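The values are calculated or read from the model by the stated rules, or taken from the named source; none is laboratory data. Just so it is clear, the structure is predicted and the values come from calculations on it, not from any experiment. So basically every Cβ, Gly included, is an ideal-geometry build from the backbone, and we count neighbours across all protein chains shown. For accessibility, only protein heavy atoms count, side chains too; no ligands or nucleic acids. Shrake-Rupley method; radii C 1.70, N 1.55, O 1.52, S 1.80 Å.
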Amino acid sequence: MHRADRDGPAGNGATGGAAGVTLTLILIYVLAQVLLAAWAGRGAKSDADYLVAGRSLGPFAVAMSLFATWFASESLIATSSEVANDGLAGARTEPFAYALGILAIALFFAHRLRSGGYITIADFLRDRFGERTELLAAGVIALSATTWSAAQLYAFAVIIAAASPFDFSTALAGATLLVLTYTLFGGLAGDVVTDMVQGAIMVAAMLVLAFLMFDAHGGVAAAVAAVPREAWTFALPGESWTQWAELWLIPIAGTMVSQEALARTLAARSPQVARRGALAGAGIYLMVGLVPVSFGLFGPPLGPLLGLELGADEAFLPSLAQALFPSWLHIVFTGALLSAILSSVDSALLAVSAVATESGYRRIDPGASPHTMLRAARLATVIAGTGAALVAASGESLRDLVLDAGAIAAVLAVPIVMGLAGWGRGTNAGVGAIVVQVAVLGVLDWWLGIEGAFLWMLAAGLASFAVLVLLARGTQHPAEAA
């Protein structure tokens, strides 16, 4: 993993009447999404209604919501710029590794976790390894989801700052307020309904931009011919095997044990629906994810043709869209970017709310009514959103925030996989693996910055889990061991 700390982007927002019109239309779009989410989530009377939509989702809703949740701002902005800079090697994390993570959910997690009737991953870990593991897992989920939310709020604020006279800090405060309103009124039910609408808008806007891009080249054949030969390789010069392995493993492991993604399958109306929906979601994600890859491959050669300088940074895709779209269609594309953000950030905030209420407040007040639990979940949403805004204000790059969130979530991969396999049940192996992995990741990556820290973390987690299981068996009474 690498880190690229920098100051938050300055607000070089547009000025004048055009900026006012753009900002007004953005706000109208967001308000429409808030109203739709509020309508869809109007029947919430309990924490289960708010957090897992009353377990009522069909396969199409699971698939589209899973796709829209995971197809976030970096799927468009960061992926296109990384492919523009590194060729197909920039597409390994997204869409390919993330699609494999969703496929892992479908094949190994969705059916079994939905069969258990859990609301959060922490619930499952409590069932396998006890309450201490649950509490630790809840903390990990909350930290990961808050970091993911920060990445989406960061992107939202950049878009608002670019379309208005506001600076980044003011735009971030406004974005946070809008997202909190959207999430509080809708819950997961509102999130799923708007996910389907937002997913359709994203796909339509990207396909129109792709058509205009190929048309500017003079056709697909001309576009392909304009791409340098070195852009078609999946390898980077001088890349070590540890860098290669981390690039694939962080998004795969982080996705397959993510509360945000798994919440969609936990909200399915049956285990079979959970599996089918996740399989479809992986396919949709991969197919749609190839469109931003095409922007990164075929967009840069258009710079000289359009008389523009298209830099391979996070401004690449917005610059390409602004160059190819008429003004009204560029506003629609901005709405597509906001769709990607809204459908992701509320999912992450709901993940924090889920573990805060189910693993936190319920322990404090075991006899709390469903309505009280609903109020606690909404309060947790506000606290999580505020925390995410503070992280976003630190100015870390969009992709780094996302990779940080994935690395944090992956701490739970070892105990979840081992728990599903039936190993170590009722032992301290789960809590031990989490503690060891957090310590290894914190020291090797965030403190020392050692290459391959994520791989060392996974190895340490597996080793500590195995040792603790063997110790537990060694202390068992012979009759119990039998």
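Here are some notes:
- Net dipole in debye of the chain [+1 Lys, Arg Cβ; -1 Asp, Glu Cβ; about Cα centre; nearest 20]: 1580
- Modelled spin-label separation between ARG229 and ALA368, with each label point placed 7 Å from Cα along the Cα-to-Cβ direction: 6.3 nm.
- Net +/- balance of residues flanking ALA145 in space, Cβ distance below 15 Å, scoring K and R +1, D and E -1: -4
- Taking the longest Cα principal axis of the chain as reference, the axis of helix 131-162 is set at about 10 degrees.
- Per-selection Kirkwood Rh - the stretch 41-147 (Cα, Å, 1 d.p.): 16.3
- Cα-centred dipole magnitude for the stretch 225-380, charges only on beta-carbon of K, R (+1) and D, E (-1), debye, nearest 20: 840
- Spatial extent of the stretch 140-232: Rg and Dmax, with the Cα atoms as the point set, Å: 18.6, 50
- Computed over the chain, relative contact order equals 33 percent, with contacts defined as Cα pairs under 8 Å that lie 6+ residues apart.
- Cα pair distances exceeding 13 angstrom across the stretch 215-270, given as percent: 75
- For the stretch 335-482, alpha-carbon Rg relative to the globular expectation (2.2 N^0.38 Å, N residues): 1.31
- For SER347, the shell of other residues with beta-carbons less than 13 Å away shows a net charge of -3, using +1 for Lys and Arg and -1 for Asp and Glu.
- Farthest towards the positive end of the charge dipole of the chain, among the residues ALA340, GLY117, THR79, is the Cα of GLY117, using unit charges on the Cβ of Lys, Arg, Asp and Glu.
- Efficiency of FRET from Cβ geometry, ALA466 and ALA204, R₀ 45 Å, rounded to 0.05: 0.35
- Sum of side-chain charges, MET418 neighbourhood, beta-carbon under 11 Å (Lys, Arg +1; Asp, Glu -1): +2
- Across q = 0.19, 0.23 Å⁻¹, the stretch 100-177 modelled as identical point scatterers on its alpha-carbon atoms has Debye log10 I(q)/I(0) values of -0.84, -0.99, in the order of the q list.
- Kirkwood-based shape ratio for the chain, expressed as Rg/Rh from alpha carbons: 0.98
- Reduced Cα scattering model of the stretch 91-250, Debye log10 I(q)/I(0), q = 0.13, 0.18 Å⁻¹: -1.09, -1.41
- Carbon/sulfur fraction of accessible area - the chain, other protein chains in place, 1.4 Å, %: 68
- Rg/Rh for the stretch 399-482, where both radii come from Cα atoms and Rh is the Kirkwood radius: 1.08
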